[in-house]
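The values are calculated or read from the model by the stated rules, or taken from the named source; none is laboratory data. Keep in mind the model is a prediction, meaning the values are calculated, not measured. Quick reminder, even Gly has a Cβ in these numbers, built from the backbone with ideal geometry, and neighbours come from all protein chains shown. Heads up: the accessible areas ignore ligands, DNA and RNA and are worked out on the full protein's heavy atoms, side chains in. Shrake-Rupley method; radii C 1.70, N 1.55, O 1.52, S 1.80 Å.
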Amino acid sequence: MKNLIAIMITLVAVGCVSPAEKLGKDIVGCYEGMIGGSSFKYVFLERGKGEHDSAFPGKKYDWNWKIVGKEVYRFDEKYSAVYRIESNGDLTGIAFFSYGKREDVYKQRTFKKTE
């Protein structure tokens, strides 16, 4: 009887994972791409945290991210970017926020998931 209760609790707990939570776990990892001739590596960490190296040696930028619908928002105190989640797991930059207003990017860039 105790085993049956434990199995039922496990099944209920697994069923409680929302699609956004599952998608969030799929986003965690490293993404690499080019911007203006420079290579960038973004690291999406668990719990909505992230980091990337800057053009200045030894300087790292920390930021946050969240899932909004089928998009990923990457943001810090100065900048917000919006990525579309591709079917193969890559992220494509599609928009940014300027003064609280969403603006589509002129040239979309895809960041390949490497890890």
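List of remarks:
- Within the accessible area of region 54-115 (1.4 Å probe), percent carbon and sulfur: 51
- Normalising the average separation of contacting C-alpha pairs (under 8 angstrom, six or more residues apart) by the number of residues puts the relative contact order of region 34-87 at 19 percent.
- Net charge of the neighbourhood of Arg84, taken over other residues with C-beta under 12 Å away and scored Lys/Arg +1, Asp/Glu -1, is -2.
- Selection among Tyr99, Thr110, Val82 by position relative to the dipole of region 21-115 gives Tyr99 as farthest towards the positive end (Cβ unit charges, Cα centre).
- As a rough guide to protection, the peptides 84-97, 28-41 ranked by mean Cβ packing within 10 Å, highest first, stand as 84-97, 28-41.
- With each label modelled as a point 7 angstrom along the Cα→C-beta vector, the Asn64-Val105 pair spans 2.2 nm.
- The residues of region 66-108 present an accessible area of 69 Å² per residue when probed at 1.4 Å with all protein chains retained.
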